[in-house]
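A short worksheet on the structure shown next.
Bear in mind these aren't lab numbers, they're just calculated from the coordinates by the rules spelled out. All figures in this text were calculated on a predicted structure; none of them were measured in a lab. Using ideal geometry, Cβ is built from the backbone for each residue, glycine included, and neighbour counts are taken over all protein chains shown.
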Amino acid sequence: ILASPKVTDFSSFCQWAGDGVLTTVVGAAGVILEVRGGMDKVTRHIKYYAMNRIGLSIFYFWLGCFVMGGAASVHLGQTWRTVFHITGCVAWGVAAGDLLVACSRGSLASGQEEPGDDVALKV
């Protein structure tokens, strides 16, 4: 999006800049959530783990919607549309999987709970 601006007037510039900033910020948030999902603080406590997975589920749902509707309409070739549709369906599958994992209960990691924390997950 940012690499190939199609700007003809002020309105199209605003659309291009808005899409570029949105995809950059949301993409960075997805990377941060994925990295944080592997940290000990998140994986050991079900509350943090579930919130992380729910956030990732929202991210991957958005990604699927964006790829299916936004990016696929820019490229006119059938091959690219097929690639984007497959990518969108995979993103939705990952979103459903993250939501399923977030709603499942984990087993105890050490048999002890820290004061004020929820049940720890076994990783």
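Could you check the simple spin-label distance between residue 25 and residue 6, using points 7 Å along Cα→Cβ, in nm with one decimal?
Spacing of the two 7 Å Cα→Cβ label points: 2.4 nm.
Applying the Karplus parametrisation 6.51 cos²θ - 1.76 cosθ + 1.60 with θ = phi - 60° to the phi angles of region 42-47, what ³J(HN,Hα) value in whole Hz is obtained for each residue in order, glycine and proline being reported as x?
Here the 3J(HN,Hα) series is 7, 6, 8, 10, 4, 4 Hz.
Extension gain residue 79-residue 17, at 0.36 nm per residue separation less the Cα-Cα distance, in nm?
Numbers: separation 62, 0.36 × 62 = 22.32 nm, distance 2.71 nm.
Working it through step by step, the gained length comes to 19.6 nm.
Using a 7 Å offset from the Cα along the Cα-to-Cβ direction at both residue 32 and residue 51, what is the distance between the two label points in nm, to one decimal?
Each label point lies 7 Å from its Cα, and together they span 1.3 nm.
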